[in-house]
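Right, one structure below, let's go through it.
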Amino acid sequence: MKRVSRRAFVGASVAAAGVVATAGILPRRASAAEFSYKFANNVPVTHPTNIVANKMVQRIKEESKGRLEIQIFPNNQLGGDTDMLSQLRSGAIEFFTLSGLILATLVPAASINGIGFAWKDYDAVWPAMDGELGAYLRAQIAKAGLVAMDKMWDNGYREITSSTKPINTAADLKGFKIRVPVSPLWTSMFEAFGASPASINFNEVYSALQTKVVEGQENPLSIIEIGKLYEVQKYCSLTNHMWDGFWFLANGQAWNALPKDLQEIAARNFNAAALEQRQQIRQLNDSLQGKLQASGMVFNKPDPQSFRAALQKAKFYENWKAKYGNEAWALLEKYTGKLA
Ligand code: X2X
């Protein structure tokens, strides 16, 4: 099944549509690739993940002399994140970038980097995710039959947007109807603030905001801009409440089916692309405020103090420490400093 060529399939459907004859294109030969794999993701084609991935798959094709071809399915073309996770597990897709927090629906430990107000800055994040905390998480992910590449891709520090009001303190979140991605940690954190979180996959966020099913959502500035969320949100509160990144995941069987030399080419290029993507995301997240303001968004920068206090009071840190266990928590605190 892995070797069925997607090109042959596309060629057949093009021919069936009669396009071949009218456009004078020769029917395409079946792909020479030994392995035709799919990489799916949830972000638009203009997001750094896809910009970088386009070059990445080209390099892999060249370096493998055409033996490994990877086709990209961006922008939730194959479904929402929870759907794509099922497809990855069944082998319908071979590669998928997914937030660790959503992956936690399968691998509970994987949400640990999303603990609220844990990370001072990127200087703490990358040594942890590239170091012992990341290694621990990859080992947990492997137990679920998935392979996580060594270098995580960035999503960024998350900010709260709203159509109704700016969020200045934790009290402003009381009763606030906010979309969160599908993940127990996200729900738990916004419940600890007294908000009303609704779990919604990203492919449905724009319309949920537009139809006011929810008042707000939270995401890094790059997603707010690239997903055009500024069209349906007025306020952006720079809470930096959690740091979120994407694991580059492979279906274990599909990965193991690749000969060692192709695994080496793929992994090296995936990891190099991750580093490039991190730079582009960082630059975007640091620079987009002005552009979003010009699009009509109103910004404020809350003091994190009331948010941290609300989480302490709700025993958020204590409860999650108990869930993750002492080993994982100690690895987190090794990089963040004491949290609970
Ligand atoms: O769903 C989201 O909000 C997004 C795009 O940030 C994630 O992938 C977690």
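The values are calculated or read from the model by the stated rules, or taken from the named source; none is laboratory data. Quantities reported herein were computed from a predicted structural model and do not represent experimental measurements. Methodologically, a virtual Cβ is constructed for each residue, glycine included, from the backbone with ideal geometry; neighbour enumeration extends over all protein chains shown. Just so you know, the surface numbers come from the protein's heavy atoms only, side chains and all, with ligands and any DNA or RNA stripped out. Shrake-Rupley method; radii C 1.70, N 1.55, O 1.52, S 1.80 Å.
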Residue identified as more than 27 Å from D81 (Cα to Cα), open to solvent by 90 Å² or more (accessible area, probe 1.4 Å) and outside any helix (DSSP H, G or I) among K338, K334, K291: K338
Tally, over the stretch 26-49, of residues that are polar (S, T, N, Q), at pLDDT 95 or above and under 21 Å from A254 (Cβ atoms): 4
Among residues of the stretch 77-91, those that are in contact with a helix residue (DSSP H, G or I) (Cβ under 8 Å, 6 or more places away or on another chain), open to solvent by 20 Å² or more (accessible area, probe 1.4 Å) and in a loop (DSSP other than H, G, I, E, B), counted: 1
All positions within the stretch 242-288 that are buried (at least 16 other Cβ atoms within 10 Å of the Cβ) and free of Cβ contacts under 8 Å to residues at least 24 places away in the same chain: Q263
Residue ID - least open to solvent (accessible area, probe 1.4 Å), chosen from residues in the stretch 166-199 that are touching a residue at least 24 places away in the same chain (Cβ under 8 Å) and either of a type in the set (S, T, Y) or on the phi > 0 side of the Ramachandran plot (or both): S183
Index of the failed condition, K55 passing every other in (1) open to solvent by 30 Å² or more (accessible area, probe 1.4 Å); (2) modelled with pLDDT under 95: (2)
Considering residues of the stretch 219-236 that are away from the ligand (no atom under 14 Å from the Cβ) and in a strand (DSSP E or B) only, the residue least open to solvent (accessible area, probe 1.4 Å): C236
Close pairs (6 angstrom Cβ cut-off, 6 or more residues apart or separate chains): closer than 25 Å to W153 by Cβ in the stretch 210-230, within 13 Å of the ligand (Cβ to nearest atom) and among the charged types (D, E, K, R) anywhere: Q217/R179; E218/R158; N219/R158; P220/R158
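S163 - would you say it is outside the structural domain of G116 (by TED's automatic domain parsing) and under 15 Å from the mean Cα position of the chain (by Cα)? Give the derivation first.
Numbers: outside the structural domain of G116 (by TED's automatic domain parsing): yes; under 15 Å from the mean Cα position of the chain (by Cα): no.
Taking the combined requirement at face value, the residue does not satisfy it.
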